[in-house]
């Protein structure tokens, strides 16, 4: 084998996600160049018209895409408070590890997209987080490895806010969950592992949130967590492992709400002109559950490319260029379970044809019929494509 | 039919397994393949996937059959793409290996597998630290054998900018390999 062959073989073995992303780019470009651009000016005019309607405080009057999947979703008159407390789950911590790997995470999806629970609303979160403020850590979770991301870390520059936040966290310290190089505690007396409090080496406290199950990691991670499953997973795995949802019958209702994502709205306030929708019909809940359970998470840094199934790249680019449109095409999803707990932080994007959770973890693998059905449930109406 | 039941059919070597798998996931897999390949190649790739799944279950016994089949499909699709671009790729690889020649390990000193694994690790680390756009540029050029003009057109960027970016990336990769 010469050096040329060596390089070729090495390139053949790079992370398949990288190879796939480049191939998608290449193929999308090939398909686009084969397509007629005749309708493109019409699309841009339509996008501009929609934008004008928003600016003028007008109404979206656009044509529905596709047919109805079933019964009319009912409209609520009021909702429970989004900060409902969660119920204990039955997770038992594993034996301690001697290593606590941390990796800095790119702040592509700021934590202001995260759902707030009561104690967090008392805390002060900086709006000026730098990349050094985003850390991630791996923890064992059932037969998987969970990736937790930092929501708040103690700072030497803002002593007053740090002291206040630490006092809040200390008053909500629950049971010890895991001991590695540092100790991880649950929040209060709940066994909800969505948020954890970590005791740093100097005794100060920090707040963390579950991001996803780890889907890649190579030999080092396998050595650190022997016997754990590290790979892509369907959302039904998360539903079962994390939330103990194994069928649609575990779900009380689904709330489809205006998006509050900072990346969508610009400032975190709910998108205007969008009415909350309550899904309570068991058949509708079953339909939504069937969509959610099969979507696939490829972990952090993965690409979701569902959009090509339903929306063209030109539509994608046109909406991307007008953030006000984007927020109208996205919804926050809250799933209230029969045990009284709820799944928060899930976001649906008709623009991306995908779901997102926990600060940007993407779930893809949805087919065109799934997107059409979700758009119907969420009453997301798209301009008719010529 | 649930995944577990289809897997049982595979384990029993019941040929209905493939029909059930196709019924459940055929459309999704075809769409995934079509994103990477032409329609004709996508159809072939999906058919190859059924065969691969048949050959791998047992001993594999996946919990999530759809994700399992999709992973096989993606590997097949990427291999096919690499093969399709193999000739063009030879030329671009010569260019890259000339640049990196002094930094690449001597494949005759280590075992072949060790040398490949070492270089792969370095490449993965290098690519991981690049932006998605630069990563795509590099792979379009050196994995899929595209010319600089083709890379520029695919990325929607000026030719000179792509040329300069690729050169800088090669220099960075050289530094990483030296260290």
Where q = 0.13, 0.16, 0.17 Å⁻¹, what log10 of I(q)/I(0) comes from the Debye formula for the range B:1-137, counting one point per Cα?
-0.76, -0.95, -0.99
Using packing as a proxy for protection, rank A:343-351, B:46-54, A:174-182 so that the peptide with the highest average count of other Cβ atoms within 10 Å comes first.
A:343-351, B:46-54, A:174-182
For chain B, what is the mean residue ellipticity at 222 nm derived from helices alone (per DSSP H run of n ≥ 4: -39500 (n - 2.57); sum divided by total residues; nearest 500 deg cm²/dmol)?
-25000 deg cm²/dmol
Protection proxy (average C-beta count within 10 Å per residue), highest first, orders B:25-34, A:201-210 as B:25-34, A:201-210
Given a Förster radius of 25 Å and the C-beta distance between residue B:43 and residue A:286 as r, what FRET efficiency does 1/(1 + (r/R0)^6) yield to the nearest 0.05?
0.15
Label points 7 Å out from Cα along the Cβ direction at residue B:12 and residue B:133: separation in nm?
5.6
Per residue of A:197-207, other chain Cβ atoms within 10 Å number on average 0
For residue B:83, placing the label point 7 angstrom along Cα-to-beta-carbon and taking the range B:37-54, residues whose amide nitrogen sits under 15 Å are B:37-38, B:40-52
Taking 4 °C and 1.567 mPa s as the conditions, I'd like the Stokes-Einstein D for the range B:3-84 in µm²/s, using the Kirkwood hydrodynamic radius from alpha carbon pairs.
103
What FRET efficiency comes out for the pair residue B:5/residue A:249, r = Cβ-Cβ distance, R0 = 22 Å, nearest 0.05?
0.65
Averaged over peptide B:113-121, how many Cβ atoms belonging to another chain are found within 10 Å of each residue's Cβ?
5
Shielding by partners - mean other protein chain Cβ count within 10 Å, residues of B:139-146
5
Binned Cα-Cα distance frequencies in the range B:86-178 - 5 Å width, integer %
2, 13, 22, 25, 21, 9, 4, 2, 0
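Bear in mind these aren't lab numbers, they're just calculated from the coordinates by the rules spelled out. The shown structure was predicted, so the numbers you read here are calculated from the model rather than taken from an experiment. Quick reminder, even Gly has a Cβ in these numbers, built from the backbone with ideal geometry, and neighbours come from all protein chains shown.
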